[in-house]
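Here's the structure, in structure tokens; my notes come after.
Coordinate-derived values only; no laboratory data. None of the values given here were measured: they were computed from a predicted structure. With ideal geometry, Cβ positions are generated from the backbone for all residues, glycine too; neighbour counts draw on all protein chains shown.
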């Protein structure tokens, strides 16, 4: 899947051997796979290394606690707990994000269930329409995989699924990387923007 492979700069580029770090990434990830590079610090232009600038998405934080508001009429939020709901999660994520060609994502393996990864699917009229999930670790709910099928947007489904992931462990705060479109939705949930990140992408060759 598009964001399954990622590298993160832990220090400002001027404090490290950035060319060597980029070379390590290029050697590690096969040429036929995507990977993204995230940095909390400004980076130089990396296009000569075969990377494409995706943008500067906001990193957002929400304090622990709170109650999940009522779901929109007709929406049932269910935690993924078996192969059938996992298949619904993956197909909805692929169509809703969208992420074409991501059918082989590691999330489709049922071994991801029952641990620190919590996945949720929203159903309307019996059909899966939206997703979200959280990776619980390092003292936070890391909210990921928020997606709504295009024909089902602007009904509050995405926010409802994000609430489920945000409070996957209600004793912990939550963090997420937002899009500019999604930022107002998350702000209404109590998230605050900490800073903008820099995100690069190496497309497969």
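Details
- Taken as Cα centroids, region 176-205 and region 59-88 sit 19 Å apart, rounded to the nearest whole angstrom.
- Fraction of antiparallel bridges per DSSP, the chain only, in percent to nearest 5: 85
- Here residue 84 and residue 56 are evaluated by their C-beta separation; at R0 = 35 Å the FRET efficiency comes out at 0.35.
- Pairs of Cα atoms nearer than 8 Å and 6+ residues apart set the relative contact order; for region 82-205 it is 21 percent.
- Approximating the spin labels as points 7 Å out from Cα along Cα→Cβ, the residue 194-to-residue 109 distance works out to 2.8 nm.
- Fluctuation leader among 148, 105, 131 - the chain, Gaussian network, Cα springs under 10 angstrom: 105
- Most fluctuating residue given options 96, 66, 126, as computed from a GNM of the chain linking Cα atoms under 10 Å: 126
- Helix 83-96 vs. the chain, principal-axis angle (Cα, 0 to 90°, nearest 10): 60
- Selected from 49, 17, 81 as most flexible by GNM, with the chain as the system and alpha-carbon contacts under 10 Å: 17
- Label-point separation in nm, residue 153 to residue 68, each point 7 Å along Cα→Cβ: 2.4
- Treating r as the C-beta distance of residue 76 and residue 6 and R0 as 41 Å, the FRET efficiency rounds to 0.80.
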